[in-house]
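Okay, so here's the structure we're looking at.
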Amino acid sequence: MGDMRFSNSPEPSEHYIFGDSRTMVLECGIQWDSLPERSPVERERTAAHRAVRALAALCEGLIRPTTFGVTRSWVDEHPMPVDGVPPRWNWWMKTPQSPPDAHSRYVDPQVMEATTLDERTMLTLVDRVLDDPCETPEGTRLAWDEMVVDHTWARLSEPGRHIENEELRIDDHDSKARRVLIPLDRVHGDLWVTVPETMVWCPFLLRVDRSCGTAHPDGLDYDEFIELTIDVNWSFWWHPGEGRAMLDRAVNRVRRQGWRHAHPPASPR
């Protein structure tokens, strides 16, 4: 599927795969005092479901995940991580659209399969991770630790501007390859793209984990923060234009759920 032949044209492609990701970070503060009836397990579930809803809102019409990983850990009463890991600590879901060589970034995954990855199937995996029984060491409890989307397709904006002779070729600055042939998938009139098998970086990588939080001017006292990191690896969705507008609209959907930028958003370059 990958094609690294040089084009006859010496001109670099308008868009390209970055050598280094461009990153946005959003965070969500949670006040447990407003939910005093929730047990520690239900608090974990509430935070995890909030994270999944944010991922689903971000992906809507922009990103098509094909793998989804969730890890879990022991925490103390504060809650802070403690030494050791629970049994079956690494869970990983794949789909028929996952790359043939796709695998969890961590060892010993509990592998599940789904027809597609959406809010419902991601919630199913999260609940499985939290409900899977295991003996808890004294003074600790079970908590989810991280959610990862490593393999993605992304919807290409204005395909007529970028497609030539039914092909999309872009430079890959990470692999120092010119005019790489990009896989295409047409679905209901939209054009989706992903990384060739010979390359490394999918259009987007997504991660949600726990955070210490950053100072906010509203002065609210949050008990816990969760953090969503969006790594943008292809310039279509970072540089000014309709692709970046698609990303900004997706981020705004997440912000309407109560998330905010952990750091001032970087200006497109």
Everything considered on the Cα gyration tensor (a ≥ b ≥ c; rounded for a/c under 1.5, else prolate if a/b is larger than b/c, else oblate), the range 134-269 must be described as prolate
Karplus-derived 3J(HN,Hα) from phi for the range 58-66 (6.51 cos²θ - 1.76 cosθ + 1.60, θ = phi - 60°), whole Hz, x at Gly and Pro, runs 5, 6, 3, x, 10, 10, 10, x, 10
If amide hydrogens are placed 1.01 Å from N in the peptide plane, which non-local residues have theirs closer than 5 Å to the one on ALA262?
VAL25, LEU26, GLU27
Treating the beta-carbon of each Lys and Arg as +1 and of each Asp and Glu as -1, no other charges, what is the dipole magnitude of the range 150-248 about its Cα centre, to the nearest 20 debye?
500 debye
Can you show me the helix-derived [θ] at 222 nm for the chain, built from DSSP H runs with n ≥ 4 at -39,500 (n - 2.57) apiece and divided by the number of residues, rounded to the nearest 500.
-6000 deg cm²/dmol
What do you get when you divide the Cα radius of gyration of the range 77-203 by 2.2 N^0.38 Å, with N the number of residues?
1.40
Integer Hz, Karplus 6.51/-1.76/1.60 couplings in order for the range 100-113, x for Gly and Pro:
x, 9, 5, 7, 5, 6, 10, 7, 6, x, 8, 8, 10, 10
Hey, what do the phi angles of the range 186-194 turn into as Karplus ³J(HN,Hα) couplings, whole Hz, using 6.51/-1.76/1.60 and θ = phi - 60°, x for Gly and Pro?
8, 9, 6, x, 9, 10, 10, 10, 8
Percent relative contact order of the chain, based on C-alpha pairs within less than 8 angstrom and at least six residues apart?
32 percent
For the chain, build the charge dipole from Cβ charges (+1 Lys, Arg; -1 Asp, Glu) around the Cα centre, then report which of ASN252, HIS78, GLN31 sits farthest towards its positive end.
ASN252
Pick out, in residue order, every one of the trypsin sites (Lys or Arg not before Pro) in the range 38-103 that is DSSP loop and has at most 15 other C-beta atoms within 10 Å; say none if there are none.
ARG38, ARG88
Would you please classify the overall shape of the range 53-106 from the alpha carbon gyration tensor, given that a ≥ b ≥ c denote the square roots of the eigenvalues, rounded means a/c under 1.5, and beyond that prolate means a/b larger than b/c while oblate covers the rest?
oblate
Magnitude of the charge dipole, the range 19-89, Cβ model with Lys/Arg +1 and Asp/Glu -1, debye to 20:
400 debye
If one takes the longest principal axis of the Cα atoms in the chain, at what angle in degrees, from 0 to 90 and to the nearest 10, does the Cα axis of helix 242-255 lie?
10 degrees
Using DSSP to call loops (not H, G, I, E or B), can you name the GluC sites (Glu not before Pro) in the range 80-143 whose Cβ has at most 11 other Cβ atoms within 10 angstrom?
GLU135, GLU138
Run the dipole for the chain about the Cα centre, Lys and Arg Cβ at +1, Asp and Glu Cβ at -1, nothing else charged, and hand back the magnitude in debye, nearest 20.
740 debye
In the range 154-261, the trypsin sites (Lys or Arg not before Pro) that fall in loop regions by DSSP, at most 10 other Cβ within 10 Å:
LYS176, ARG256
ASN165-ARG50 pseudo-label distance in nm [points 7 Å out on the Cα-to-Cβ vector]:
5.3 nm
Based on DSSP loop calls and a cut-off of at most 15 other Cβ atoms within 10 Å, the longest stretch of the chain free of exposed chymotrypsin sites (Phe, Trp or Tyr not before Pro) is what?
107-221
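Just so you know, all these numbers are worked out from the coordinates, no wet-lab data involved. Since the model is a prediction, treat every value here as computed from it, not as a measurement. Neighbour counts run over all protein chains shown; Cβ positions are idealised from the backbone, glycine included.
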